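In what follows, a structure is listed as structure tokens, so that the remarks can point back to it.
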Amino acid sequence: MAKKSKIRTPIVCVMGHVDHGKTSLLDKIRGSSVVSTEAGAITQHIGATLVPLDAITHMSGALSKVSVNVPGLLFIDTPGHHAFTTLRARGGALADMAIVVVDINEGFRPQTIEALQILRNYKTPFVIAANKIDRIHGWRVQKDQPFNKTFAQQNERVQGILETKVYELVGKLSDLGFNSERFDRVSDFARNICIVPTSALTGEGIPDILMVLVGLAQRYMTESLKVSADGPGAGTVLEVKEERGLGMTLDLILYDGTLAVGDEIVVAGNEEIIETKVRSLLKPRPMKEILIEERFERVRSVTAAAGIKVAAPKLDGVIAGSPLRVVRGPNRDEVVEQVRHEVQDIQVTLSDLGIIIRADTIGALEALSKELEGHQIQVMRAAVGPVTRHDVIEAGTIKDPLYSAILAFNTPVLPDAIDTLADASMSHVSIFEGGVIYQLIDDYVEWRDAKKQELERQRFEKLIMPAKIRILPDCVFRQSNPAVVGVRVLGGKLQSDVDLILTNGKKIGHLKQIQAKNETVHEVDAGREVAISIEGPTVGRQIDVGDDLYVDIPERHVKVIEREMLDLLNPSMREILEEFTYLKRREDPFWGK
Ligand SMILES: Nc1nc2c(ncn2[C@@H]2O[C@H](COP(=O)(O)OP(=O)(O)OP(=O)(O)O)[C@@H](O)[C@H]2O)c(=O)[nH]1
């Protein structure tokens, strides 16, 4: 089989909402190794599980008349979005394909939608496992059977429920812009996403989901899965671990070429690029040999795709998620440059003005930034690692307060950053933490919108509003210094601390205080009668009983009100504003424009 094709095993990641069955599905796939001897055995790799094609065809009862040259499937053992986004290969996702697990009884939940958005961003083919079909009331379990066999055994009512549930998923997917169908009705994988009803508990539908993945890989990925079997290896570091008797080791997923003992390799360290030589390659021992003292089995070389442990000198400081490349031939410098480039090349679009984002790995940062881009939220700085004091200070000095925020995805906030945040001068800065992208974004958007409203309200409060008043007869309480007179608010909203003019435009003085029923008030609406004190004029000279006065709104306030806040004015205020600007624009048509 390996000779027939130069196509490598596709790498698969399982995603989905909490408790919908990701781990159980992986366990079931792993546990299916108890297949008859003629089928290839499922083998445990480091950080991954290999299911050979023979085992898949055997399980599904599918005949090998379909010419398949995908050698099998390699499942990453860690399920979830985070594994998907964090594990990268050449700037894209390490996983070639994904299973999105959905509890058929619960339907789509936030993380299901998030998984789909991530897969769409990465353009990764995927299949939906409509899981927990055995929970449908009245379901008759047909252990480990392909879907069509078990479906045929169900009564009409149960079949009907399953159909309805599947169509609910089809509807949801359609809302999100995906065409989908139950897998056995799909003829064109390019047009439709396959929904495979499964039970991770009973194994029903598991053979089908494996077959659909093989089909997807076969049809759409054969180009990208081509490897030169003896070409230099390329992989992604899952973890850096110290192992007894071996020293520092790397758990690696090799996704291209081969890796052999004695190969020169290049990986990225915290501070620098590390060049070293493979001392040994280790695989987990099969379960049945568990009594043998040594936990690992040594191999001379591995070919992609595979999960393998690499022991080598100088591995201290290697970053999880780092690329690993084999140097073969004279291109050493080129390979070093490639590794350096891949680590530095964080594909995040940055703006001069925007929020600050932090994440635990390069891949996670990139995923977060892609989502933010989708929400049209600008990012000013993006970095791997915990939130620092410097981040808080930087967020505090951003000009637009709506961007004074830090999003920390799967990464902690350092104690001195928390201290700095507590400082009064940083009270306008917020940090949002979490392990779920959509939640982080929702939290930020909610905060931003509330802040925006608050700022608008404050601005509105500071603006001088239009008002027109008339000095009433028999209510002159004081002639001057200041003049105190009774007035009726003819229209608009009268506020204290404003300048007044006559209806001919002549400046009169400053309205200092408003008294309504012997109490000082800051503003009164149209129709009310109040006493006001005016600094400047003398009653009987500049003003008199029966005079109408306007509040003299400064030109720049008129600009803001007319451009942005007209909707917020009531009809009476709008009417007075029109009269007032008409008066002003008689002399200067562009006044306040
Ligand atoms: N009846 C039934 N129960 C299932 C099935 N799949 C998973 N479960 C149960 O659902 C629960 C959650 O399953 P997990 O596999 O832990 O779900 P998960 O998606 O990995 O959850 P997290 O790791 O917490 O995100 C467990 O109690 C499982 O036994 C299924 O197909 N049928």
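The values are calculated or read from the model by the stated rules, or taken from the named source; none is laboratory data. Remember, predicted model here, so these are calculated numbers, not experimental data. Backbone-built Cβ (ideal geometry, glycine too); neighbour counts: all protein chains shown. Accessible surface is based on the protein model in full, side chains and every heavy atom, while ligands, DNA and RNA are left aside. Shrake-Rupley method; radii C 1.70, N 1.55, O 1.52, S 1.80 Å.
Brief remarks on what is shown
- Residue that is nearest to the ligand (Cβ to nearest atom) [pool: residues in the range 10-57 that are of a type in the set (Lys, Arg) and at pLDDT 85 or above]: 22
- Checking residue 193 against (1) more than 20 Å from residue 61 (Cβ to Cβ); (2) surrounded by fewer than 20 Cβ atoms within 10 Å (Cβ to Cβ), the condition it does not meet: (2)
- Conditions (1) free of Cβ contacts under 8 Å to residues at least 40 places away in the same chain; (2) open to solvent by less than 30 Å² (accessible area, probe 1.4 Å); (3) among the charged types (D, E, K, R); number of the one not met by residue 552: (1)
- Within the range 474-501, residues that are closer than 21 Å to residue 527 by Cβ reach partners that are surrounded by 19 or more Cβ atoms within 10 Å (Cβ to Cβ) and among the aromatic types (Phe, Trp, Tyr) with beta carbons closer than 9 Å, at six or more positions or on different chains, in the pairs 492/550; 492/580; 500/550.
- Those strands (runs of 3 or more DSSP E) lying entirely in the range 58-165 with at least 1 residues away from the ligand (no atom under 16 Å from the Cβ) and over 30 Å from residue 408 (Cα atoms): 72-76
- Tally of residues being touching a helix residue (DSSP H, G or I) at 6+ places or on another chain (Cβ under 8 Å) and modelled with pLDDT of 95 or more across the range 441-465: 2
- The range 227-276, subset among the aliphatic types (A, V, I, L, M) and part of a loop (DSSP other than H, G, I, E, B), residue surrounded by the fewest Cβ atoms within 10 Å (Cβ to Cβ): 229
- Residue within the range 98-114 that is small (Gly, Ala, Ser), under 19 Å from the mean Cα position of the chain (by Cα) and at pLDDT 95 or above present: yes
- Scanning the range 127-146 turns up one or more residues that are among the acidic types (Asp, Glu), surrounded by 18 or more Cβ atoms within 10 Å (Cβ to Cβ) and modelled with pLDDT of 95 or more.
- Being open to solvent by less than 30 Å² (accessible area, probe 1.4 Å) and closer than 30 Å to residue 360 by Cβ holds for only one residue in 124, 150, 198, and it is 124.
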